[in-house]
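Read through the structure below, which is laid out as structure tokens, and then see the notes.
Quick note: the coordinates plus some simple rules give every number you see, no bench work behind them. Predicted model, so just to flag it, every value in this text is computed and none were measured. Because the Cβ atoms are built from the backbone with ideal geometry, glycine has one as well, and the counts that use them run over all protein chains shown.
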Amino acid sequence: MIVKVFANFREIVRDKTVEVPSQEGDTVIEILENLIQLYPAFEEEVFTEERTLKPFVHVFLNGRNIIHEDGLQTKVKSTDQFALFPPVAGG
């Protein structure tokens, strides 16, 4: 699965996208766990100690925030567009 990353997440992967191993029927959290296997620095950036998304980290599938679906348990298809946004400061 191709995961699009933005802002400082691009610094971690050194690109705008990263290919993450996935299987049909995977969930968002499984994709994120696979991403962390490839880039361990993501763990601290994405998850709290309780294994929830950190505040202001957003995952979008096909342009829709997963909070409007089943959160981290949202099923992912190989054809989905997966985007990961970090907290962004500024004004």
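Residue-level check: of (1) surrounded by 18 or more Cβ atoms within 10 Å (Cβ to Cβ); (2) within 14 Å of residue 4 (Cβ to Cβ), residue 72 misses just (2).
When the residues of region 34-69 are filtered to those that are within 21 Å of residue 12 (Cβ to Cβ) and acidic (Asp, Glu), the one that is surrounded by the most Cβ atoms within 10 Å (Cβ to Cβ) is 45. Take the conditions (1) surrounded by 12 or more Cβ atoms within 10 Å (Cβ to Cβ); (2) touching a helix residue (DSSP H, G or I) at 6+ places or on another chain (Cβ under 9 Å); (3) under 16 Å from residue 9 (Cα atoms); residue 88 misses just one of them, which is (1).
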